[in-house]
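A short worksheet on the structure shown next.
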Amino acid sequence: MSLSDENAGLGRSDSHDFAAGRGGRRRWIALVAIACAGLSLAACGYRPLYGRAAAGSQVSSELSKVRIGLIANRAGHRLRNQLLDRMNPRGEPVSPAYALTVNLVETRVDLGVRRDETRTRANLTLTADFQLVDLSNNRLLFKAGARRVASFNIRDADFATITAESAARRRSVEGLADEITQRVAIYLNRKSAEKR
C-alpha cells in the first residue's frame, strides 16, 4: 500500500466523519431550537384553550354552559348545529350560565360578467353579529362580529350552480362556527383567569 493510498483512505474517512458530524450537529442544533421554542412559549404564559393542559382553565366546561339561541333561515340552522357540535358536544346545557345569540345575514354578489351579460362567478358573504349574555344578571358580556366570503362558479347547468353555492355556504358556515367558538372561548378563558 502506498502513501497516496493511505492518504486517500484517510481523506475519505475524514470527510465521512465530517459529514456525519455535520449531520449530528444539525440534529443537535434543531433539538436546541425546539427546546428554546418550547421554553419561550411556556415563559410567555401561553396556554392552549383545549386539551389536558387547559384542564385548569375550565374553558371546555364554561363553553358547555352556553345556551345557543335559534338562528333564522337555513344557513342559520346549519350555523347553530355547528356551534352546538363545538360548544355543547354532549348536548345542550340543563342549567346554562350564558346565552349566545347570533344574527346571520347572507348576501350574494354576482361577478365575472361576460360580453353577453351572463354572470360566471359569485361571492357569497355571511356576516354574523353575536353576543354573549350572563344569564345570572342579564348583563351583556361580549359582543362581536364575524364575516366569511366564499366564491363559486356560476355554471350553465342550474344544478351545478346550486351545488357550488351550497358548498360555498357550507364552507362559510363552518368558518363562522370556528371563529365564533374561538372568540367566545378566548373571552371565557380571560374571564376565568381574572377570577383566579
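Only a single criterion out of (1) under 22 Å from E62 (Cβ atoms); (2) within 19 Å of the chain's Cα centre (by Cα); (3) of a type outside the set (S, T, Y) is not satisfied by A150, namely (1).
Does any residue of region 103-115 turn out to be closer than 23 Å to G69 by Cα, crowded, with 16+ Cβ neighbours inside 10 Å and within 21 Å of the chain's Cα centre (by Cα)? Checked region 103-115: at least one residue is closer than 23 Å to G69 by Cα, crowded, with 16+ Cβ neighbours inside 10 Å and within 21 Å of the chain's Cα centre (by Cα). In summary, I71 fulfils each of the numbered conditions (1) modelled with pLDDT under 80; (2) touching a strand residue (DSSP E or B) at 6+ places or on another chain (Cβ under 6 Å) with the single exception of condition (1). Every condition in (1) charged (D, E, K, R); (2) touching a residue at least 60 places away in the same chain (Cβ under 8 Å); (3) outside any strand (DSSP E or B) holds for D116 except the one numbered (2).
Among all residues of region 150-171, there is none that is under 23 Å from N81 (Cβ atoms), outside any helix (DSSP H, G or I) and basic (K, R).
The set of residues in region 129-150 being in contact (Cβ under 8 Å) with a residue 12 or more places away in the chain and more than 22 Å from A75 (Cβ to Cβ) consists of V133, D134, L135, S136, L141, F142.
The values are calculated or read from the model by the stated rules, or taken from the named source; none is laboratory data. What you are looking at is a predicted structure, and each value in this text was computed from that prediction instead of being measured. Positions of Cβ are backbone-derived with ideal geometry, glycine not excepted, and every protein chain shown enters the neighbour counts.
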